[in-house]
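Just below is one structure, and these are the notes that go with it.
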Amino acid sequence: MTQISDSESQLLRFADLQVFEHLSSPIWIYDVQQNQILWANSAARESWEVSSVKAINEGNGDSVQIEATNLIANQRQLLSEARNRVTWTMTHSEKRLRFDSLCSRIYLEGYDFTVLVEATPLLNEASNDCDAVAGVGNISDRAWNQRQLKEQTGILEAIATHQPLSQILRQLIRTLETLIPNRIGSFLLYDPKRHCLGSGEAINLPVEYLQALEGLPIGPKVGCCGTAAYLRKPVIVSNIATDPLWEEFRDLALRFHLKAAWSYPIFGENRALLGTFCCYSQKIEKPTPHDLDVTQMITHLAGLAITQDQVTKERDQKLALVEAAVDGIGIVENDCFCYLNQAHAEIFGYDSPDELVGCSWRILYSPEEAARLEQVMMPMLQQQGYWRGSAIGQRKDGTMFPQEISLTLVDEDKIICVGRDISDRAAVEQAWRESEKKYRSIFENITQGIFQVTLEGQYLNVNPFLAQLYGYDSPEDLIKNITNLAEELYVDPQRCHKLSQITLKYCTVKNFESQVYRKDGTKIWISVTQHAVYDKAGHFLFFEGVIEDITARKEAEDQLYYQAFHDGLTQLSNRTWFVQRLEGAIYAYEKGFTESCYAVFFIDLDRFKIINDSLGHITGDELLKQVADRFKSAVSDHYLIARFGGDEFALLATNINCQEDCSDIAQKLIDTCQDPFLLKGNRYFIGVSIGIAVGDLYYQTPEEVLRDADAAMYEAKAKGRGYVFFQPEIRERVLSCLLLENDLEGAIEREEFQLRYQHLVYLETNQLYGFEVLLRWIHPQRGAISPADFIPIAEQTGVIKELDAWVLKQSCRQLRQWQNQFSTAKDLVISVNLSPVELLQPNLVEQIADTLKEEGIAPHCIRLELTETAFLDNTRLDIFQQLQALGIQISIDDFGTGESSLSRLHQLPLSTIKVDRVFVQQLDQGHSGKALVQTILNLAHSLGVNTLSEGIETQQQRDTLLNLGCLLGQGYFYSPPVTAHAATQMLDQHDRATSVIRDQ
């Protein structure tokens, strides 16, 4: 490629001067030798009150007479490219305009000695006001403006002469920091691919700071630069330490003592974002008017520089493409080559384009051929602007070769020529024939439909695959039967019309998707890529293109779309779709688009975790599917039911008129789960807890509604009620429960649980029968937490399984210790509470048996206490029977307070019925209290079951129970629950007393 000298690399063209057109300062280009103004920007033309530069140089009545003081005297300095101050006097009509300016020598294409003038208007001599100065205030302002003008001129020269962008940006920063001391400038450039800011330039900012800003997001709270780019307007922050825009970057800025900042977005053509310019101060302050003027100037000049850099890079890329072309490409100006690519030189046998630059194009042809070419091509170039033909070229060594030539006239005397060596024309023609044959083979056998069709929808030509795709026997069959594509083929005829309209407008359409009918009436999806074909006169002929069957892809997309918004297990909607619908309901209610309200029901399955963990995830999944089916059948199709995950469901109702409507829906959901679920041949009961949040103008987002519905659900679960409407005070209680649930995890490992032992005694002899083991949670911050508070949570979360196992193991270990230590503890009975949810474990009996075996405890020394609800399900009867077969005692706790059926008591392998403390306390209320306890005791005696009364607090209660026939008792009358150490001391005393009696 032709090498360009340093001076030529700075050569300006008139097109480059457009960067100065919209600047506010008057700027013009002056030909010193011809004493003419060659070009002026809009600000200069407005100052002179002329519409064009041409009017100045023609000398008519409206012309501007120009006098440039010291310009000729400074020619020597201008020739050495130094800047010079020149005063211009412009006479126009009766006005004399004076300008102070900086003149710089520039290299303008086609001219020998030109200067760039950037002016500042001075005194308007037409006025009588001696203080009137155009564009300048006081003397200090004028000096500052002249200083700014000098800096601006230097930057414009750098832009116009294509200096490197980084150099210009650093020059702009130096300009800012020179004009306004104590300011620090920096640039960030926009990366459109990553949609962020980066590639920073700064002089006095630490490298670490710039590195931290690399890849800076564009958003509403991203410092000054990210926010300015986001808002597309300047952002000013006088105190970085307090401004919320700097919340994420405050520490970074303050670490480098940056306390105030203002940033301007940099725009290019059509206000396309190019980057940002930011000015920093190391003290808290607002920018002065000078600050903002200079910042705005720097930003504008940066936009010019970045745009110029992008244009230059694009031009260089195009030039690189030309250099890489295999065809010869050259530019002829005034009959001589001014540019050739390497391929052009090599085609004619030259080593380098430099050998031909400046030479006439005629040396590449014989004199006769050159004359012929000039005779045939010049008229065509003048008439049509282009010529295509062939010629016989002459290489450097004198050999001749055939050549194809394409010429395009781009200016009055500039021609672009593209040439190709066609010496192997026969081979090329043979290759073309083979290519045609290959094309025909591809046309016949390709697995894409190929077609030509008229504007009216009549096929002209189709390949066999397209006929097969549409279900026709042959291309001829398809062409014969389809005479109107829109009406006979397209499911939606308007799609066909739209395809034609777009193709006519843009010439080409790619991947236009539509549904069409096959011959048998089935529907398929197709993707059409087609273009319009025109003759040489520009008349439309037909459309041609390819068709692809995308039915499988569309079905896959539909499936993916379905999967994106549905739960794969239950086929209900998923959380994503639910939230979108809820967002629409909130918006409609807020805007008043509907008269009715909406409500969200948050549904959680009770005891699901126990079933899932005990019977396995496959069984748990089957339960979830059955629940989903029941929910769908229980409520209207207008309601949206979704599964959020696990055992959480949600329902959105959008036609709610009153709270009773919500209650009806909730009750239907509860009722549908009343019947047992059949899993693995067994029946299982579960319940549902529902939280309801009714729409309110308070709600702005779906998350807020779901949060409150979830809180109400936890309240329902805690109270053991089916459903609860959200109230504001619920949120605090639910939060407390959630914290408790969180603390419950790992409490065993942290050794926060302790066991207490309460005496079980024979009422008649007051002899010790055993102990009931009671669990206590000593929280490190909250202190003692009641079992009534944490046991329900443990049952809901499944932690109860681990707790019950720990209690049984610790109790057996303590009993073994007592049996080894005291002879009287040989037949001591330990009573342990067992949660009803534990009965869902398929290997519960084996676990209990293993624990007794590991600790060396005889089964008859263990009594398991269960509440009445544990005996409601007949499917658990075999578990009680297996436990009894091991020799373990089973006790029904709090008898008479639950829902047990008396008719089923005789089926249960019970050893003890425990009279609840509520009935014991009623003994003091007279005959009715005694009668109730007597009934329970008589029932137990009829079943052959022992009885134990809890909550005995007085001697009178003990005596009454003994007289009524109760065998065992416990309560504060005998002893409160005590630690293992205290129980050991009591056993020691009991053992000593027994030994004394035995020795006597």
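The values are calculated or read from the model by the stated rules, or taken from the named source; none is laboratory data. Please read these numbers as outputs of a predicted model, since none were measured by experiment. Cβ placement follows ideal geometry from the backbone for every residue including glycine, while neighbour counts extend to all protein chains displayed. Just so you know, the surface numbers come from the protein's heavy atoms only, side chains and all, with ligands and any DNA or RNA stripped out. Shrake-Rupley method; radii C 1.70, N 1.55, O 1.52, S 1.80 Å.
Considering helices alone, the calculated mean residue ellipticity of the chain at 222 nm is -12500 deg cm²/dmol, with DSSP H runs of length four and up weighted by -39500 (n - 2.57) and normalised per residue.
Here the chain exposes an accessible surface that is 49 percent carbon and sulfur, computed with a 1.4 Å probe and the other protein chains kept in place.
Taking the Cα atoms only, what angle lies between the long axis of helix 799-821 and the longest principal axis of the chain, rounded to 10 degrees? Approximately 40 degrees, to the nearest ten. Per-peptide packing, taken as the mean over residues of other Cβ atoms within 10 Å, places 659-670, 575-586 in the sequence 575-586, 659-670 from highest down.
Based on C-alpha pairs under 8 angstrom that are at least 6 apart in sequence, the chain has a relative contact order of 4 percent. Angle check, please: helix 367-384 long axis (alpha carbons) against the longest principal axis of the chain (alpha carbons), in degrees 0 to 90, nearest 10. Tilt of helix 367-384: around 60 degrees.
Ranking Lys609, Lys414 by solvent-accessible area of protein heavy atoms (1.4 Å probe, all protein chains present), from largest to smallest, gives Lys609, Lys414. Taking the empirical scaling 2.2 N^0.38 Å for compact globular proteins as reference, the chain has a Cα radius of gyration ratio of 1.58. Rolling a 1.4 angstrom probe over the protein heavy atoms with all chains in place gives region 176-285 an accessible area of 47 Å² per residue. Inter-label distance, Gln955 to Asn334: 13.8 nm, where each label sits 7 Å from its Cα along the C-beta direction.
Distance between the C-alpha centres of region 934-961 and region 553-629: 52 Å, rounded to the whole angstrom. Looking at the square roots a ≥ b ≥ c of the eigenvalues of the Cα gyration tensor of region 742-996, which shape do they give, rounded for a/c under 1.5, prolate if a/b is larger than b/c, or oblate? Rounded shape, in that the Cα axes give a/c under 1.5.
Highest average first, the peptides 780-786, 624-630, 288-294 ordered by how many other beta carbon atoms sit within 10 Å of their residues are 624-630, 288-294, 780-786.
Using the Cβ-Cβ distance between Arg174 and Gln310 with R0 = 25 Å, the FRET efficiency computed as 1/(1 + (r/R0)^6) comes to roughly 0.65. Taking all Cα pairs closer than 8 Å and separated by 6 or more residues, the relative contact order of region 324-418 comes to 29 percent.
What the Cβ-Cβ distance of Gln317 and Gln33 gives, at R0 = 25 Å and to the nearest 0.05, is a FRET efficiency of 0.10. Taking amide hydrogens as placed 1.01 Å from N in the peptide plane, the amide H of Thr954 sits under 5 Å from that of no residue at least 5 positions away in sequence or on another chain. Averaged per residue, region 670-827 has 48 square angstrom of accessible surface, using a 1.4 angstrom probe with ligands and nucleic acids left out. At q = 0.21 Å⁻¹, what base-10 log of I(q)/I(0) does the Debye formula yield for region 446-556 when every alpha carbon is treated as an equal point scatterer in vacuo? Log10 of I(q)/I(0), two decimals: -1.19.
Let a ≥ b ≥ c be the square roots of the eigenvalues of the Cα gyration tensor of region 627-734; is it rounded (a/c under 1.5), or, if not, prolate (a/b larger than b/c) or oblate? Prolate is the answer for region 627-734, as a/c is 1.5 or above and a/b outweighs b/c. Per-residue packing, averaged as other Cβ atoms within 10 Å, sorts the ranges 150-160, 198-208 into the order 150-160, 198-208, beginning with the highest. Radius of gyration over Kirkwood radius for region 321-379, both on Cα atoms: the Rg/Rh ratio is 0.98.
Counting only protein heavy atoms and a 1.4 Å probe, region 324-418 has 51 square angstrom of accessible area per residue.
Legend: calculated FRET efficiency, Asn484 to Ala564, from the Cβ-Cβ distance at R0 = 35 Å, rounded to 0.05, equals 0.35. In plain terms, the chain from Gln626 to His638 could stretch by 2.3 nm, reckoned as 0.36 nm per residue minus the Cα-Cα distance.
Here the extension length gained between Asp664 and Lys396 equals 86.5 nm, from 0.36 nm per residue of separation less the Cα-Cα distance. Among beta bridges identified by DSSP and lying wholly in the chain, the antiparallel ones come to about 85 percent. Oblate is the label for region 143-311. Its Cα gyration tensor axes, ordered a ≥ b ≥ c, give a/c of at least 1.5 and b/c at or above a/b. Put a dot 7 Å past the Cα of Ala982, heading toward its Cβ, do the same for Asp293, and the two dots end up 8.9 nm apart.
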